[in-house]
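Below: the structure, in structure tokens.
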Amino acid sequence: MINEIRRACVSDTNCSVNISDLITATTTNIIFRCIIEQKYDPEESSGRLGTLARKEMIHLGELIVGDFFPSLGWIDVLNGKIQELRDTFKAIDGFFDQVTEDHKLVMKNDDEKKDFVDILLQLKDSDLLEFEPTKDDLKAIITGMTTSTTLEWILTELRRHPRIMRKAQQEVRKVVGSKSKVDEADINGMKYLKHVIKETLRLHPPAPFMVPRETIGDAKLGGYDIPSKTLIFVNTWAIQRDPEIWDKPEEFIPERFENSQIDFKGKDFEFIPFGSGKRICPGMAFGLASVEYELANLHWFDWNLSQDGEIDMTKTYGLTVKKKVPLFLELIPYSVHSQSG
């Protein structure tokens, strides 16, 4: 990612970079290398999985009439939605079936480097798990790791708030010092960077609605009778912008977390961007590590903040919410040695 930006800046000191496309490619590469030990290539099988994963996220966020009014489910059949869903999930199943079979043919020894599928298959054949994971379980876990929009929203908010951007940048450069690269251990010393990520997750949760639940019995809530087997959608987006919970909820203020014990690990119900309970996002730690490391590495560039015009914040909706218009940043290579000199 960093080298790609540097190459773009060779012929233009103030280079304009489509940062949305770049971080999507970078994040996808990280995920694919970890899951199936392949570099993401749009022309290869890994590119096919990337396309299918994006289609899946869109499908899962679409309105399916039968989910709300079962007697009208025929509408979804008539308008082709059911067939689209079947085709997409059949293709995903076929891809992961092939990946799983390929890994079974070359089972690795304990001292060999393993990807995520290798580890899942190894656990499946061991007695370390309390349950026997099925092929569908493996596919569900892997698919749950194939999307990320958080970094794009972080960079968008930093571009809109120069003071916050500079403060985060200064912290990263202070921690890294004169080293030529960011070490994984450096991230632990970047407290403000973590606050920036938290505030972005509050304003822009990866999934505005948590994975649907279903009531297991009759209940009463807020004076309403909720019958058994009612489909429940928890509006994370609304909870995290509730003025009764948050001070100035519509404003981007990372400092609100400086003296706060509130975290996003599912225990504080006012802040649940990854969900809560047994169905909390299984890729939470993996995704956060990627976001922190990618964001910290962007400190090798100064941002040209003289660009005119408002940033388009229009969103596209699916299971996840992405920016509709790509974010472009004008970046200036930063030299540690020239600054220290």
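All of the numbers you see were taken from the coordinates with simple rules; none came from a lab. Being a predicted model, the structure only gives us computed values, none of them experimental. Using ideal geometry, Cβ is built from the backbone for each residue, glycine included, and neighbour counts are taken over all protein chains shown.
Some notes on this structure:
- Ranked packing of 161-167, 217-223, 32-38, 198-204, most packed first, by mean Cβ within 10 Å: 198-204, 32-38, 161-167, 217-223
- Computed E for GLN83/LEU231 - FRET, C-beta separation, R0 25 angstrom, nearest 0.05: 0.65
- Packing rank of 89-96, 173-180, 225-232, where each peptide gets the mean count of other beta carbons within 10 Å, highest leading: 89-96, 173-180, 225-232
- Peptides 291-298, 327-334, 236-243 ordered by packing proxy, namely the average of other Cβ atoms within 10 Å per residue, highest first: 291-298, 327-334, 236-243.
- Distant-in-sequence amide H partners of GLU37 (H built 1.01 Å from N, under 5 Å): PHE116
- When each of LYS55/LYS323; LYS198/LYS265; LYS167/LYS198; LYS55/LYS90; LYS39/LYS198 is checked by Cα-Cα distance, pairs over 18 Å: LYS39/LYS198
- Listed residues ILE245, PHE233, GLY177: farthest to the positive end of the dipole of segment 169-254 (Cβ charges): GLY177
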